[in-house]
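Worksheet: the structure to be examined is printed underneath.
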Amino acid sequence: MTHTFFSLELAYWQQTLIKLLAGVAFILALTGAVVYLYLFKFVSFMQSRLGPMEAGPYGSLQLLAEVGKWLQKEDIHTENSDRLIFGLAPAVVMGSTFLMFVVIPAGPNAVIADLPSGIYYVLAMSSISVIGILMAGWASANKYALLGGLRAAGQLIAYELPLVLAGLGVVIQAGSLNLQSIVASQSSGEIFGIPAIGNPFIITQIVGFVVFMIAVQAELTQTPFDMPIAESELVAGYQVEYTGIRFLVYFIAEFATAVGFAAVASTLFLGGWALPESWGISDDAMHVIGPIVIAIKAVLLVGVVFWVRFSFPRFREDQLQRLAWKFLIPITLINLVVTAVLKVVL
Amino acid sequence: MTAITDRQKLQYIAAKAADARVNVELETEGMILNIGPQHPATHGTLRIVAKLDGEQVILAEPMAGYMHRGYEKLTEVRTYAQITTLVNRIDWLGSFANEVPFILAAEQLMGVEAPPRATWIRTLLFEMSRLANIILFLGDMGVQLGAITPVFFAFRDREYVLDQIEAVTGGRFHPNFDRIGGLKDDLPKGWLADTKGVMDKVRTFCDQIEDLLLGSEVFQQRTRGIGVIPADVATQYGLSGANARASGIDWDLRRDNCIGLSYPQLDWKVWTHPDGDSFARFWVRLQEVREATKMVDQLCDGVPSGPIMAKVPRIIKVPAGEAYISTENPLGEMGYYIVSKGDLTPFRVKIRSASFNNVSITPWLLRGVYVPDIITILASLYFILGDIDR
Amino acid sequence: MAPKPKMPGVLKGLGVTFRTAMDTMFPDGPLHPPSPSKGAATVQYPREKETPSPRARGVISLEEDNCTACMLCARECPDWCIYIEAHKTLAPPRRAGGKPRQVNALDRFDIDYSLCMYCGICVEVCPFEALFWSPEYEYSEVRIQDLLHDKERLGQWMETVPDFEAYESGSESKVKKVPR
């Protein structure tokens, strides 16, 4: 179980430690880039304004300033709140985000743990955040937070199903739950007899892709599915009583989860870290290029998520439940059946 | 210590019984939620006490008064020029519109008629204040529903209108421009051409809002059929302005009871909608903005020449009497009832503000509605707290 | 009644925001490098400053020679923010051999800008054209006491008063002159 890294023999624990640190650094760097690009700049341009321009050139250090600001705030809690659960809730949400990144591959070997149940694990871990949100909503001792938490519970559980079913279509087509083999089957396959672009599942699973992105939007509680936060009604919903470092954890978790889901989506539908095999890039080069490729794909998909977020009003929660149960789930079930039939036939 | 009266005992029992009924039928307690007075959705310091069953409203009661500034009492010790300044701040978004009915009522008492040029430019600025006000509404309705982009477009394009108002009056938000007998000053050179350019920008904005908000299926699902006000209920509660017209009531003071302004000489139409839901109120106001831009174009073309001010004494003492004039303000029907005893200051000024009546319908309207719909309904009714509380 | 969208309205909405983002990033067209500072509606104060219109009510300036301390502005101010003190003095006669005239000389003429409503009643009501509006607005202070502008400071604002503009055609008003 040792692995040579720059001809150094590393023990398993050292290897894991390096992978963990590199993984966390990668996630945080991507999150920071996404926050700057989309939350500060792209949304500003969509609204005909400039966004932060003072902190650093063109406002690039604004995120650092925000982090510093949140870190130096007082750690307060409401009088009637349940202190233990109130404090643990952000940790649960953040934990589920980071656990999700454990299986996402960024190169031929750059994955923290290549579990055989890859995608199943990812979707299971992402649903732990529901517990964190409910804890926050209940422990805040605030009626607005409670409303937000309850709405979140209903919404997130409802949209788990389209997420899973859309992912299942990909699993059937790839023939495996493991994310590395899904990536491999996309890069080494061919579609319509043309090997030049490989076989990105977005082409054959376009329905699944659209449903997956809608479900991702709902899982991230972004507009048009942001009832749990609902800025103009509940004023930050379940996060309303949080400030300081705990709010920072929610903030980072929201964007890190966005990057995570986008990375999963790009792995499932766009080919992940791999470029089509017909382009003939060697495996050694992919060690370096792989992370860059998946970063670009994930950032593009996060861009779509944020573009939709800032363009639409929000659904009421009974409308969004109706959308999930009566519309998205039947579509994904049909997609699943068609994929299964075609997989056997073709 | 007074004994508890029988009436109080009965009230206490009835309140407990109501709670008990809710408990028994639904096995839950109604939760009392205070929306406001500090809340992003209530356009200011309005407090709505809502008793909720889960997400559904059992009863809701608006409590205004957090912004009461005592206008009607202040006017008793202010001269007419000073009152004009104060009155700008009632409906602070379309502020020129607040001065107009007051000045018209004072002119009626004095028996002074403003020259045609003054009346024309008064109408022009009145319509521009309507634009400034309703453009903000169009963006604000988006924010209340979750779309945060349209409001930036609204503020950006409203700035052009405010810049034009500033070029004439000197103040973006508080023009303080109307005087008994006419206006304070005349239009600067080049203003009319600039204003027509601004109207083109406003029309582009309306098209953008139509694509971004009105046509969006999400918006339509959130607003169609929400907060339906039948026409008879609307008249009973005294709704006015776009709220009434969205319920199908074809009543517009600019056409039906125009005093002192130049509307009869313009070619325009009144927009109504039969549905009476939140979508209708948004749609009517969007069409009104477009209509207002067309009216401003006509007004810019045909300004009559002449003096801007009639012959009025320097120290204004309005003769004794009473007068009530109401006009079609951006928010609805706003009226001033001035009672004068011949002094420098009026004896009493009663301000009939549109938003007070528009908000009074909320207890009737918010029964059985979901919490997000409360926000939609409040946003579509469109009141300004300064107008409710004065 | 509302127009039926042929394309799903949600997609049209996405198009509007995307087009606005592109207009902001590439105001000169897609072939030039991006310059959002030019395309956005933001004015980056204090690096760029918008010039307010000449009639903008920024600050009130005093032409001391015209003022006769008639107290009309102090009386009409809704906030009572003008403080005037004057004394009677003798001025030389207009023609040689005449009587010396009694005039009011200003001791103190302060406007408290922490109270001022910027309504303009004082400027309008002054019968001797001693007060003028200037569009200057950058006079924020750290202490509230510094917002009380005294006679000298109000006189200095006179340099920033723009000339009165010409009127639109059809106007019968005469353009006033600013004493320089």
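Please treat every number below as a calculation from the coordinates, not as lab data. Everything numeric in this text was worked out from a predicted model, so none of it was measured. Because the Cβ atoms are built from the backbone with ideal geometry, glycine has one as well, and the counts that use them run over all protein chains shown.
Points to keep in mind about this one:
- Efficiency of FRET between A:Leu20 and A:Leu300 - r from beta-carbon atoms, R0 35 angstrom, step 0.05: 0.85
- Placing dummy labels 7 Å off each Cα toward the beta-carbon, the span from B:Glu217 to B:Met31 is 3.1 nm.
- Were the residues from A:Ala29 through A:Ala124 laid out at 0.36 nm apart, the gain over their Cα-Cα distance would be 31.7 nm.
- Furthest towards positive pole of dipole, A:Val24, A:Ile229, B:Pro175, structure part the protein assembly as shown, Cβ charges: B:Pro175
- Stretch in chain A that is longest and holds no chymotrypsin sites (Phe, Trp or Tyr not before Pro) that DSSP places in a loop and that have at most 16 other beta carbons within 10 Å: A:7-191
- Residue order for A:Leu28, C:Leu90, B:Leu52, fewest other beta carbons within 10 angstrom first, comes to C:Leu90, A:Leu28, B:Leu52.
- Across chain B the C-alpha pair distances fall into 20 Å bins from zero in the proportions 27, 53, 17, 2 percent.
- Applying 1/(1 + (r/R0)^6) with r as the Cβ-Cβ distance of B:Gln298 and B:Glu113 and R0 = 25 angstrom yields a FRET efficiency of 0.65.
- Amide H contacts under 5 Å for B:Val369, placed H, 5+ residues apart: B:Val57
- With 21 Å as the limit on Cα-Cα distance, the pairs of B:Lys269/C:Lys12; A:Lys143/B:Lys9; B:Lys317/C:Lys176; A:Lys143/B:Lys51; A:Lys41/A:Lys297; C:Lys151/C:Lys174 that go past it are B:Lys269/C:Lys12; A:Lys143/B:Lys9; B:Lys317/C:Lys176; C:Lys151/C:Lys174.
- Mean Cβ count within 10 Å, highest first, over the residues of peptides B:131-141, C:33-43: B:131-141, C:33-43
- With a 10 Å cut-off around each Cβ of C:72-80, the average count of Cβ atoms from other chains is 2.
- Cut-off 16 Å, label 7 Å out along Cα→Cβ of A:Gln72, residues of the range A:242-272 by amide N: A:244-245
- Using only alpha carbons, the protein assembly as shown has a radius of gyration to Kirkwood radius ratio (Rg to Rh) of 1.04.
- Sorted by Cβ density within 10 Å, fewest first, the residues B:Val369, A:Val302, A:Val240: B:Val369, A:Val240, A:Val302
- For the pair A:Asp82 and C:Ala96, label points projected 7 Å from Cα toward Cβ lie 10.3 nm apart.
- C-alpha long axis of helix B:149-169 to longest principal axis of chain B, angle in °: 30
- Placing a label point 7 Å from the Cα of B:Lys350 along the Cα-to-Cβ direction, the residues of the range B:68-90 whose backbone N falls under 19 Å of that point are B:69-77.
- Longest exposed-site-free window of chain C, the sites being chymotrypsin sites (Phe, Trp or Tyr not before Pro) in a DSSP loop that have at most 14 other C-beta atoms within 10 Å: C:1-79
- Arranged from fewest to most other beta-carbon atoms within 10 Å of their beta carbon, A:Lys73, A:Lys297 become A:Lys73, A:Lys297.
- Projected over all directions and averaged, the alpha-carbon convex hull of the range A:65-184 occupies 9.6 nm².
- Using the Cβ-Cβ distance between B:Lys317 and C:Ala105 with R0 set to 25 Å, the FRET efficiency works out to roughly 0.20.
- P(r) weight above 40 Å for the range A:3-345, C-alpha pairs, percent: 13
- Net charge, B:Asn257 excluded, C-beta distance under 11 Å - Lys, Arg +1, Asp, Glu -1: -2
- Computed from Cα positions, the angle between helix B:191-209 and the longest principal axis of chain B comes to roughly 20 degrees.
- Degrees separating the helix C:9-25 axis from the principal Cα axis of chain C, which is the longest one: 60
- Per-residue mean of foreign Cβ neighbours for A:47-55 is 6 (Cβ atoms of other chains, 10 Å radius).
- Among complete DSSP H helices in chain A, those whose alpha-carbon atoms stretch at least 18 Å along the helix's long axis and whose mean Kyte-Doolittle hydropathy reaches -1.0 are A:12-34, A:83-100, A:143-174, A:206-219, A:244-269, A:283-309, A:329-345.
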